[in-house]
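Data block below; observations after.
The values are calculated or read from the model by the stated rules, or taken from the named source; none is laboratory data. Quick caveat, the model's predicted, so the values are computed rather than measured. Reconstructed Cβ throughout: ideal geometry from the backbone, glycine too, with neighbour counts over all protein chains shown.
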Amino acid sequence: MKIAVVGTGYVGLVTGTCFAETGNDVICVDIDSKKVERMQRGEVPIYEPDLDVLFERNQRQGRLKFTTNLKEAVDASEIIFLALPTPPGEDGSADLKYILGVAKDLSTIITKYTVVIDKSTVPVGTAERVHAALAENLDESLFDVVSNPEFLREGVAVDDFLKPDRVVIGTDSAKAEEKLRRLYEPFVRSGNPIIFMDVRSAEMTKYAANSYLATRISFMNEIANLCEKAGADVDAVRRGMGSDSRIGKRFLFPGVGYGGSCFPKDVQALAHTAGQHDYQFRILNAVMDVNTKQRFRIAEKLEAHFGDDLGNKTIALWGLAFKPNTDDIREAPALYTIDRLLEAGAKIRAFDPEATEHVRSIYGDKVTFCEDQYQALEGSDALAIVTEWAVFRTPDYDKMKELLKEPIIFDGRNLYDTDRMRENGFHYDSIGRQAVEV
Ligand code: UDX
């Protein structure tokens, strides 16, 4: 099939590349001409595992192209995906100016039947607004607007796209349904479903799924905080809970709060949508409140340990990205930790395998950025861990003790076994487990 993808951010690029991988002809459009030139030269503008291999192959074989010319892409396509940013406005609502702007442009460009698909996370009712924008200059027989939310996780997005748990498609058009069924069939050979529904329900599904997952995380963070006080171990509690098939094992890990480009934004936007419908979504307000506090959990533990002394301390920080296998630092708990520690006057020696440059562009030389995790420990008074990169999981404990001034670790991701840390002589304080004191 012939496909255009408008917007080559994270979602657009993964979507375009993966559709090319199943043999479709894909043209990706972006207004950023420098970025388009780079992609035309074969450069992948984001870090996402496996994307480079698929990108190179499909570009080389001529199925994946890039342009700044919307008309060129639309003329060549029967399906247009809109993968445009929806930044949160001041009131928490999603700002639709990019999507509606492109819809307006499309209304003067489309000349044959085209399916226009909202891929971005957009509030309930957006497809109707896109429809209205298109209908201003176009006959309604020439287009259908479909909602097809993405459920990609950064770091495993290619795999999530190629092998989705499910594909959700909101449409009331049999013609559009048929096209999308054909387009997605190669991805659900394993038997996972393509779930067709009305447009508004598809839009709501994305917010409901992300908000539910964020709720699970905030719930577990509260259980963890209570475990610390009540003398329980959240790891044991998590395993005990997760073995119930109604609950399930995944997404029950407490930590330093959820971050990233989706959960914080989507929970806020759904709360805002609720407000617009005169409904107070109490759980979501609590989820946001818990998360706001949890992001400071490690900084708070450091403050409690060092007290007023924190101003004279150097803290090693392992992990800056909001989660492993990405260089994305949007809403990263590490940034909140850094702000709080700098405010207290502490010095920071930070290391991250991928995200250093992004963080350096914010803090400059206010933070010392290190080449590897051990360098961050040199002369530091304590180690704080905020991202669970695999490379942190089996460290050389002797080397750590040699480099740190004191063997003190605050672990926001529960990477290590507490008994092992006791045996190795560390002061070890993690999330929801009893601290090991030395
Ligand atoms: C999420 C959704 O998973 C995805 O379906 C949606 O399309 C976009 O948002 P992503 O933001 O890439 O994906 O990351 P995810 O792996 O879901 O983690 C989100 C945040 O929750 C991270 O900050 C992570 O550290 C945190 N998290 C996740 C926990 O604190 N505990 C968990 O058990 C799981």
Which of the residues spanning the stretch 271-323 are hydroxyl-bearing (Ser, Thr, Tyr) and either farther than 27 Å from residue 371 by Cβ or loosely packed, with under 14 Cβ neighbours inside 10 Å (or both)? 273, 279, 292
Can you tell me how many residues in the stretch 166-182 are within 15 Å of the ligand (Cβ to nearest atom) and either more than 22 Å from residue 124 (Cβ to Cβ) or crowded, with 18+ Cβ neighbours inside 10 Å (or both)? 2
Within the stretch 147-165, tally of residues that are free of Cβ contacts under 8 Å to residues at least 40 places away in the same chain and more than 12 Å from the chain's Cα centre (by Cα): 4
Just give me the residues in the stretch 64-95 being modelled with pLDDT under 95 and buried (at least 21 other Cβ atoms within 10 Å of the Cβ), in sequence order. 86, 94
Which residues, taken from the stretch 188-232, are of a type in the set (Lys, Arg) and away from the ligand (no atom under 11 Å from the Cβ)? 189, 200, 229
Assess whether residue 127 counts as being buried (at least 21 other Cβ atoms within 10 Å of the Cβ) and farther than 20 Å from residue 169 by Cα. no
Take residue 113 and tell me if it is away from the ligand (no atom under 16 Å from the Cβ), surrounded by fewer than 17 Cβ atoms within 10 Å (Cβ to Cβ) and either of a type in the set (Phe, Trp, Tyr) or at positive phi (or both). yes
Answer yes or no as to whether residue 267 is touching a Leu at 6+ places or on another chain (Cβ under 6 Å), under 30 Å from residue 50 (Cβ atoms), among the β-branched types (Val, Ile, Thr) and touching a residue at least 24 places away in the same chain (Cβ under 8 Å). yes
